[in-house]
Amino acid sequence: MQLVVARIGRAHGIKGEVTVEVRTDEPELRLGPGAVLATDPAGAGPLTIETGRVHSGRLLLRFEGVSDRSGAEALRNTLLIAEIDPEELPEGDDEYYDHQLMDLDVVTADGTEVGRITEISHLPSQDLFIVERPDGSEVMIPFVEEIVTEIDLEEQKAVINPPPGLIDDRAEIASSRDDASGQEES
């Protein structure tokens, strides 16, 4: 099974290093020297990591056979893909690979069906489940523990405790005004 682990960014310096946007919780395992990664587009790879280092909070990689800035620039926006065993699980108890979460049924704590996870969007601040509802519409659910209270892989479901307005139109509107409209009766 293939897992996207990073996206190549800009070239760094003149010796073939590139910045990478890490898309794995296990960069030390997936992006270490000697790792051979498939690419998207496929014509750019496979790429073998020669060196890696952190500079100013960003991971920099150099690949075998890429020794100058122009070679590094040619790799920009290429996705790096690791081959993993489908039975392999992340190290943490509350960590999941995308393929484990895809197609899970999403239900509320009282068992109300919400839909099925069709996509997982990785944003800088948090991950989102894109859930297809039974009527074909989509709803986005933040993958945070306050909302997604349980992932049950055996039962193939994700249990959520959505705040008002997340999956329905009945949002609670808090107001500092009194119920009175401010008009006096005559």
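The values are calculated or read from the model by the stated rules, or taken from the named source; none is laboratory data. If you're wondering where the values come from, they're calculated on a predicted model, not measured in any experiment. Because the Cβ atoms are built from the backbone with ideal geometry, glycine has one as well, and the counts that use them run over all protein chains shown. When the accessible area is computed, the model is the full protein with side chains, heavy atoms only, and any ligands, DNA or RNA have been set aside. Shrake-Rupley method; radii C 1.70, N 1.55, O 1.52, S 1.80 Å.
Side notes on the structure shown:
Condition check ((1) part of a loop (DSSP other than H, G, I, E, B); (2) open to solvent by less than 70 Å² (accessible area, probe 1.4 Å); (3) more than 14 Å from H99 (Cα to Cα)) across all residues:
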| residue | (1), (2), (3) |
| --- | --- |
| T118 | no, yes, no |
| S121 | no, yes, no |
| P124 | yes, no, yes |
| V131 | no, yes, yes |
| D135 | yes, no, yes |
| V139 | no, yes, yes |
| V144 | yes, yes, yes |
| E150 | no, no, yes |
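Results for (1) hydroxyl-bearing (S, T, Y); (2) out of contact with any strand residue (DSSP E or B) (no Cβ under 6 Å at 6 or more places or on another chain), shown as yes or no for each residue.
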residue	(1), (2)
Q2	no, no
T19	yes, no
V22	no, no
D25	no, yes
G32	no, yes
A44	no, yes
R53	no, no
L59	no, no
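- Check on V106, open to solvent by less than 80 Å² (accessible area, probe 1.4 Å), β-branched (V, I, T), in contact with a Gly (Cβ under 9 Å, 6 or more places away or on another chain) and in a strand (DSSP E or B): yes
- Tally of residues being in contact (Cβ under 8 Å) with a residue 40 or more places away in the chain and closer than 20 Å to H99 by Cβ across the range 1-59: 18
- Failed item, numbered, when A82 is tested on (1) crowded, with 18+ Cβ neighbours inside 10 Å; (2) over 30 Å from E132 (Cβ atoms): (2)
- The range 85-103, residues that are modelled with pLDDT of 85 or more and open to solvent by less than 80 Å² (accessible area, probe 1.4 Å): L101, M102
- Residue that is nearest to the chain's Cα centre (by Cα), among those in the range 1-39 that are closer than 12 Å to A82 by Cβ and charged (D, E, K, R): R23
- Within the range 1-39, being open to solvent by 30 Å² or more (accessible area, probe 1.4 Å), in a strand (DSSP E or B) and modelled with pLDDT of 90 or more holds for R7, R10, H12, V36, A38.
- The set of residues from the range 40-55 being within 22 Å of H122 (Cβ to Cβ), in a loop (DSSP other than H, G, I, E, B) and at pLDDT 85 or above comprises just one member, P41.
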